[in-house]
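What follows is a single structure, written as structure tokens, with notes after it.
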Amino acid sequence: MKPLDIAWVTDPELVKPATDFFLANLSQEYIAMGEYTSGRALPDGGWKSDLADIITLELSQALRGTSKKLALAKSEGNLVALAVVSFSDQNGFAHAMLDDLITRSDIRGEGLGAQVLGWIESALVKQGVRYLALQNGSQNLAGQRFFERQGYRSITTLRMKELEPE
């Protein structure tokens, strides 16, 4: 894999191509708790029909806010990965959450994710962030193996049950 051009972006013109890229490279296995709580996924594990609108809104907000950023990675001018990172500082505990890391599905396994993640980690360290966390869906076994190889460890198990009204 050639070196990537990775940057935090703020140009609103990039929301549409980033949304299209996100949707084109998404799988059912990607669903984790964040997809439910953000309204992206249905309780049965499927994607909501208005997912494109939800992603467009989320990426637009990431361009405008200081608590969330969007990074795009390009190779030879082509979008090959994107990441959304949320920032928090609670009681002096500066940390970030990797909300999304999406790589082009046809070239996964070629080191894209590791390059983007490494860039994000370096950028966060420069900003004084000490911890980066993420959620990984229980069905996303490839994602779990990837993050373990990058030094991430499991610190909790999250469970969900849909409650039926009486």
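Only the coordinates and a few stated rules stand behind these numbers; no lab work does. These numbers come from a predicted model, not from an experiment. Reconstructed Cβ throughout: ideal geometry from the backbone, glycine too, with neighbour counts over all protein chains shown.
So here's what we get for this one:
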{"read-out": "Test set (1) in contact with a Pro (Cβ under 6 Å, 6 or more places away or on another chain); (2) without any contact (Cβ under 8 Å) to a residue 12 or more places away in the chain - GLU148 fails condition number", "value": "(1)"}
{"read-out": "Count - residues of region 91-108 that are under 17 Å from ASN136 (Cβ atoms), out of contact with any Ser or Thr (no Cβ under 9 Å at 6 or more places or on another chain) and of a type outside the set (Lys, Arg)", "value": "4"}
{"read-out": "Any hit, region 122-143, residues being touching a residue at least 40 places away in the same chain (Cβ under 8 Å) and within 13 Å of LEU4 (Cα to Cα)", "value": "no"}
{"read-out": "In region 101-125, the residues that are assigned to a helix (DSSP H, G or I), hydrophobic (A, V, I, L, M, F, W, C) and within 15 Å of VAL84 (Cβ to Cβ)", "value": "VAL116, LEU117, TRP119, ILE120, ALA123, LEU124"}
{"read-out": "Cβ-Cβ under 8 Å pairs, at least 6 apart or on other chains, region 52-74 side closer than 15 Å to PRO17 by Cβ and in contact (Cβ under 8 Å) with a residue 60 or more places away in the chain, far side assigned to a helix (DSSP H, G or I) and aromatic (Phe, Trp, Tyr)", "value": "ALA71/TRP119; ALA73/TRP119"}
{"read-out": "Complete set of residues in region 126-141 that are within 16 Å of SER88 (Cβ to Cβ) and either in a strand (DSSP E or B) or of a type in the set (A, V, I, L, M) (or both)", "value": "VAL129, TYR131, LEU132, ALA133, LEU134"}
